[in-house]
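The values are calculated or read from the model by the stated rules, or taken from the named source; none is laboratory data. Here the structure is a predicted model, which is why all the values come from computation and not from measurement. Neighbour counts are summed over all protein chains in view; Cβ atoms, including those assigned to glycine, are modelled from backbone coordinates with ideal geometry. Heads up: the accessible areas ignore ligands, DNA and RNA and are worked out on the full protein's heavy atoms, side chains in. Shrake-Rupley method; radii C 1.70, N 1.55, O 1.52, S 1.80 Å.
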Amino acid sequence: MQTVLAFLVAILLLVSLHELGHLLVARWCGIKVLRFSVGFGKPFYTKVWRNIEWSLAPIPLGGYVKMVDTREGKVAEADLPYAFDKQHPLKRIAVVVAGPLVNLVLAIVLYFVAFGVGGVTEIRPYVGTVQTPSIASKAGFQAGDKILRVNGVSVNNFADAQTEIILNLESGKVLVDVETTTGSTAQRIIDAKGSSEAENVAKRQASLGISPMKHSEIIGFVAPNSPAEKAGLQAGDQITVMLHQNVTWQEWSKIVRENAGRNLPITYVRNGVSHTSTLRPEPVELPDRSQIVGRVGLAAQADQAWAAQVRHHYTPTLSQAWQLGWEKTHHYAALTLGFFGKLIMGQASLSHISGPLTIADVAGQTVQIGWQPYVEFLALVSISLGVMNLLPVPMLDGGHLVYYTWELIRGKPLSQRAQEWGLRMGATLMLMMMLLAFFNDITRLFLG
């Protein structure tokens, strides 16, 4: 229920304000508005206010503002001066651009609120842990590496570094410049284009294999009904011996991974006293179905000294919060545009495309963490909505922007046939994108 409510709040807020941008500018330009709808389909709620029909419809995949337009049917003589298609191209441009711009401005405001009230927590671009096997381990990443640049682009925090790497996996080799623990510089080269590992990362069924946090040798969490719990292990314990060998966390984790279904004798320390037991890893198939590995249901306790070194929290001034909001919005808008460019060039996996089910899932996850992650999530979705609607695709605001800009330059509109052809192509493209997004959502959430 919490996930559903978080999703509905996100859609109602972001879509409503987007469409409200269209409506307000249309009214300001003297265009008559007939209906304002959030959602598609037959409305289940309608109210007439200020000569506009305000509606809520059951399909939460967007919304629309219906204006008087002679292309959509007969218009009364008295309404002709207020018809959308009879306005100067500059007015029509202003109307179609207003919605996406509202989303981008809203993102700045949401970030401003999140940072101004909750402060800023940055995770510096350090590698704390490298999983084996993984894309990162193959590239030679080492614990303690500080990531400086990804394909020549400087990064300031771990999240940006990770995003840059992921979005470039299908473009070819990814060159990651790092500063090692000795203070020297080195380059880690990730060559995963076309690999199953890269596809699993795009599907969010696997990670790059690097984490900014280090773990200690102490158990921090034991999953209920897991092999670890059945072996008597508890949070605070430390496994010191496995298969009669002294082991570190990384060493015994490797043994567990390679010995699914086998009884493994262990020695662990609790409150300074050694105990013995037997651990039997359960077999788990990897998402790409390439291998069965052993899992025992343990997580390590974080290395607090390292966490204090890589985590930086501060409360910015209001002007700094606004500047950070602008920078975040600009950065993610450019990143989103770059991603669509990579899609067109075949340099990014289609598995990155997400739909409403993933949005609902992430909305639920972030709202459980706290209000600030949820507000930042809303800002990110608002940016995506704004940028996507500005793409030059017929049916989207960006497609109409192209039509009206062309009309402004030529002095006359495109032919009716050209516009209808464009709308058909745009509708086909959008339908394919929606089907792909739903397919990715279902694969990721239910079949992964």
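Details
- Selection among Ala159, Met213, Tyr82 by position relative to the dipole of the chain gives Tyr82 as farthest towards the positive end (Cβ unit charges, Cα centre).
- Mean-position separation - Cα centroids, the stretch 114-159 and the stretch 260-323, in angstrom: 18
- Centre separation in Å (Cα based) which lies between the stretch 7-45 and the stretch 389-415: 21
- The relative contact order of the stretch 126-178, computed from alpha carbon pairs under 8 Å that lie at least 6 residues apart in sequence, is 34 percent.
- Dipole in debye (nearest 20) - the chain, about Cα centre, beta carbon charges: Lys, Arg +1; Asp, Glu -1: 820
- The chain, relative contact order [Cα under 8 Å, separation at least 6], %: 18
- For the stretch 93-136, the square roots of the Cα gyration tensor eigenvalues, ordered a ≥ b ≥ c, give a/c of at least 1.5 with a/b no greater than b/c, which places it in the oblate category.
- Coordinate range along principal axes, alpha carbons of the chain, Å, largest first: 92, 48, 46
- The rule of thumb for compact globular proteins, 2.2 N^0.38 Å, goes into the C-alpha radius of gyration of the stretch 1-99 1.16 times.
- Straight-distance candidates among the aspartates and glutamates for linking to Lys342, with alpha-carbon spacing under 13 Å and chain neighbours fewer than 8 residues away dropped: Glu164, Glu170.
- In the chain, the calculated helix contribution to ellipticity at 222 nm averages -15000 deg cm²/dmol per residue, counting -39,500 (n - 2.57) for every DSSP H run with n ≥ 4.
- The stretch 197-282, relative contact order [Cα under 8 Å, separation at least 6], %: 24
- When each of Lys86/Lys412; Lys138/Lys254; Lys32/Lys86; Lys42/Lys91 is checked by Cα-Cα distance, pairs over 20 Å: Lys42/Lys91
- Point-charge dipole on Cβ atoms (K/R +1, D/E -1) for the stretch 38-174, about Cα centre, debye to 20: 60
- If you take the alpha carbon atoms of the stretch 56-131 and fit the smallest convex hull around them, that volume is 254 Å³ per residue.
- Leu208, Leu380, ranked by accessible area, largest first (probe 1.4 Å): Leu380, Leu208
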